[in-house]
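The values are calculated or read from the model by the stated rules, or taken from the named source; none is laboratory data. These numbers come from a predicted model, not from an experiment. Ideal geometry is used to build each Cβ from the backbone, glycine not excepted, and the neighbour counts take in all protein chains shown.
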Amino acid sequence: MSLLVVGLSHRSAPVSVLERAALAPEARGKLLQDALAAEPAAEAAVLSTCNRIELYADVDKFHAGVAELSTQLAVHSGVGLDELTPYLYVHYEDRAVHHLFSVACGLDSMVVGEGQILGQIKDALALGQELHTAGRLLNDLFQQALRVGKRAHNETGIDRAGQSLVTFGLAELATAEGAAEVTDWAAGKRALVIGAGSMSSLAAATLARAGVREIAVANRTLERAERLAAGLAEPRTAAAAGAAAGPAARAVPMESVPAELARADVVVSCTGATGLVLTAEDLRDALAARTGPAAPGGPGLRLLDLAMPRDIDPAAHRVRGVRLVDIETLAEASADAPMAADVDRVRTIVSEEVAAFGAAQRAAHITPTVVALRTMAADVVRSEMARLNGRLPGLDDKERAEITQTVRRVVDKLLHAPTVRVKQLAGEPGGAGYADALRELFDLDPKAVAAVSRADSGDSERERA
């Protein structure tokens, strides 16, 4: 079996295609189950974010695997296979490992170095575990990717190479108004955050730290909006003790969004909606409804759309008084962002970790064969001792035990050096063939080797549980 990834991202596809191919949360589980039901795949995991959709699988046939995973992505994204295929990329075995580790470190992100991808990789692994589509290979792979990503952030300054999409987007809005810092631009503003998921929560927290004076959180499930608003307002309760005061935060139902738009200075939207949340007409109406300092001709509306598919009508760019930054804008702006010198160090870390992961996987591949060989040797010892007991029935227990121990030591010493060496050789590139060589040389029963593999897999599942 071999690792295969088929996917598309902001690097391979235009935003218009990514937007249409975006997977709703409930569609991800069905994609995994259907991918696993297909003959080439034994394991499957899906990494779906606002700017990438990738399907990972352990397959026994490369070409059949590529064809099946591509078809599954097309079926579940709703984008025709002929249209989707030109934007798909394929990585196999070590290249697939290298790709995921690079993604985990933020090297493949729209904004290099952003750390949110680690949470998304963790979510992808959790879904695969929950649905039992991630087996030993993908569990090992994704858990190691999380460790590699954390190592990159701990050992280098990759965080300085870029910012999160939220921070980068707000910086774009601030720069458009001539502000050197987001804090200078955001201070005293009213904000509306639409959505209460992880990205919206990050946006709300970033705005609160930047100094906005008021945040309204709108969400279809009001309870989630209330939890987010309560968390944002908590610092206010400690103001008397000398802590920094937080913004005035409140939750509002989605029906109140038009009224909140008329009051807001900055809007961040990131929902899971499949259609537009804010149309150009909504924005015109909001500006027309303003009175006092926020009337038309004032500072207008500043919008950050982090959703995929997008929440805000692209035609908002043409509405007077509106400035919109969306995923497409961020892709263009971040392409010119300066790269930190630490990026090279992170690439080195990725290369080291890919080599170590490959060696560990290859070594693990031969372990069932070595165990089966030692089991066969132990069976031979037992058989020969039983034959000896029949021929020499007069041996006492002490003599019999000494002979048994001697025979076992001889067998262990004969097997020790070759089994240690074969594990070392198996960990090197091209070492997978040593397991086959052992099976042929010692005429090992393939069923015995498979039984060890199944037992090891069962132990791993119990450990994770």
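Overview of values
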| item | result |
| --- | --- |
| Subset of the stretch 125-145 (residues that are under 27 Å from T206 (Cβ atoms) and buried (at least 18 other Cβ atoms within 10 Å of the Cβ)) | L125, L127, A145 |
| Verdict on D108 being crowded, with 17+ Cβ neighbours inside 10 Å, outside the structural domain of M308 (by TED's automatic domain parsing) and of a type in the set (D, E) | yes |
| Residue match in the stretch 182-205 (condition: assigned by TED's automatic domain parsing to the domain that holds R290, surrounded by fewer than 16 Cβ atoms within 10 Å (Cβ to Cβ), closer than 15 Å to R302 by Cβ and without any contact (Cβ under 8 Å) to a residue 24 or more places away in the chain) | yes |
| Test: residue in the stretch 115-136 that is under 20 Å from the mean Cα position of the chain (by Cα), modelled with pLDDT of 95 or more, basic (K, R) and within 25 Å of A24 (Cβ to Cβ) | yes |
| Matching entry among K61, K122 (being over 21 Å from R11 (Cβ atoms), surrounded by fewer than 17 Cβ atoms within 10 Å (Cβ to Cβ) and in contact (Cβ under 8 Å) with a residue 24 or more places away in the chain) | K122 |
| Any hit, the stretch 221-239, residues being outside any helix (DSSP H, G or I) and at pLDDT below 90 | yes |
| Residues satisfying the stated conditions in the stretch 309-327, i.e. modelled with pLDDT under 90 and β-branched (V, I, T) | I327 |
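Each row is one residue, and each column tells you yes or no for (1) modelled with pLDDT of 80 or more; (2) buried (at least 17 other Cβ atoms within 10 Å of the Cβ); (3) closer than 23 Å to L141 by Cα; (4) in contact with a strand residue (DSSP E or B) (Cβ under 9 Å, 6 or more places away or on another chain).
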position: A333; (1), (2), (3), (4): no, yes, no, yes
position: A340; (1), (2), (3), (4): no, yes, no, no
position: T348; (1), (2), (3), (4): yes, no, yes, no
position: E353; (1), (2), (3), (4): yes, yes, yes, no
position: A359; (1), (2), (3), (4): yes, no, yes, no
position: V370; (1), (2), (3), (4): yes, yes, no, no
position: L373; (1), (2), (3), (4): yes, yes, no, no
